[in-house]
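The values are calculated or read from the model by the stated rules, or taken from the named source; none is laboratory data. Quick caveat, the model's predicted, so the values are computed rather than measured. Cβ atoms come from the backbone with ideal geometry, glycine included; neighbour counts cover every protein chain shown. Only protein heavy atoms, including side chains, enter the accessible area calculation; ligands, DNA and RNA are left aside. Shrake-Rupley method; radii C 1.70, N 1.55, O 1.52, S 1.80 Å.
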Amino acid sequence: MSEHVVVSVPSESWARALGPLDGAEVVVWDGTGPAPDPAPTLVVPPYVATPDVSALPDGVRAVQLLTIGYDGVPEQLPSDVLLCNASGVHETSTAELAVGLAVLSLRGLDEDVRSMASGEWKPSRRTSLADRCVLVVGWGGVGRAVAARLAPFECSVTAVGTRARVQDGVRVHAVEELPDLLPAHDVVVLACPLTDRTHGLVGAEFLAAMPDGALLVNVARGPVVDTGALVEALRDGRIRAALDVTDPEPLPADHPLWSLPGVVVTPHVGGNSTAFRPRMVALLRAQVARLVAGEDLANVVSRTVAS
């Protein structure tokens, strides 16, 4: 027997995008103000890194995030409320940005764009992604998507995860191997989740182990990097950085990361592309259909993260 489901979405635009759903009612609730009555079966909070879901009404069975990352969310929820992430929605777009940031920084395209303002023609020989050695830290969906997009660039890719393993024919190194791996890699792409283990993973020792001229690309979470240590390394001019995420976030206007040489900053837009809404709508419709049919939800995440 099918169940009548109520799903709350954070805005009218999300409600319009979902459209009519068989066996389900769509209501708009962004988590502020009075909760809908009856309580939603499935709550979709706003598209922010760590939504506030600490005051859900009784009767909520699951929370469906609009993000892959879910740091800071599980501890807000009672144990009987399932948490689902947006796995399968953002990987392609985030990987696309990671590769774009690497090409932009290595080829000095940011410098060329700035030269346009003054009409300067300043040709120089730049570093190609071809023949570089790239270390991808985090072998979840985003890390694997980054590696797949790097393949046509004729560079070598080394995978790093929380534990050593062979996955789909790829040797994945353990995070403990980073001190030995870093000196041999020209580009490091951070694509790992934020956990107790990865918080501050990229500190002074990590950065010192990167070779001169190496590039750090961060599409993970800002706190994976010790910002103070990164600023000092960048001031030395020994490494470069291309960052879609920072700590703090938003980055204050007077922060040195805006003006240090060799730095490119984008405002946490890895997943925020035209690919986001239609893919997320497809996931939400599938999740609601599962609830109506009494089936298990997809993308249920555990209270701990590994990749």
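Exactly one residue among R107, R132, R114 is basic (K, R) and surrounded by 16 or more Cβ atoms within 10 Å (Cβ to Cβ), and that residue is R132.
The set of residues in region 169-197 that are touching a residue at least 60 places away in the same chain (Cβ under 8 Å) and under 17 Å from R221 (Cα atoms) comprises V189, A191, C192, P193, L194, T195.
For the criterion of being under 20 Å from the mean Cα position of the chain (by Cα) and among the basic types (K, R), R126 fails. Of all residues being closer than 25 Å to F276 by Cα and charged (D, E, K, R) in region 47-62, which is most open to solvent (accessible area, probe 1.4 Å)? Just the residue, please. Taking the candidates together, the pick is D52.
Looking only at residues in region 77-86 that are free of Cβ contacts under 8 Å to residues at least 40 places away in the same chain and within 24 Å of the chain's Cα centre (by Cα), the one that is surrounded by the most Cβ atoms within 10 Å (Cβ to Cβ) is L77. Taking into account only those residues within region 14-46 that are in contact (Cβ under 8 Å) with a residue 60 or more places away in the chain and in a loop (DSSP other than H, G, I, E, B), which is most open to solvent (accessible area, probe 1.4 Å)? Only one residue tops the list, namely D22.
Residue check: A98 meets all listed conditions (1) closer than 18 Å to V188 by Cβ; (2) open to solvent by 40 Å² or more (accessible area, probe 1.4 Å) but one, namely (2). Of the candidates S302, S259, S273, the single residue that is surrounded by fewer than 17 Cβ atoms within 10 Å (Cβ to Cβ) and more than 20 Å from S105 (Cβ to Cβ) is S302.
Restricted to helices (runs of 4 or more DSSP H) entirely inside region 137-255, those with at least 2 residues that are under 15 Å from the mean Cα position of the chain (by Cα) and crowded, with 21+ Cβ neighbours inside 10 Å are 141-150.
Return yes when T67 is modelled with pLDDT of 95 or more, more than 19 Å from the chain's Cα centre (by Cα) and open to solvent by less than 30 Å² (accessible area, probe 1.4 Å) and no when it is not. Taking the combined requirement at face value, the residue does not satisfy it.
Do we have V89 as open to solvent by less than 40 Å² (accessible area, probe 1.4 Å), more than 30 Å from R125 (Cα to Cα) and part of a loop (DSSP other than H, G, I, E, B) here? For V89, the condition - open to solvent by less than 40 Å² (accessible area, probe 1.4 Å), more than 30 Å from R125 (Cα to Cα) and part of a loop (DSSP other than H, G, I, E, B) - is met.
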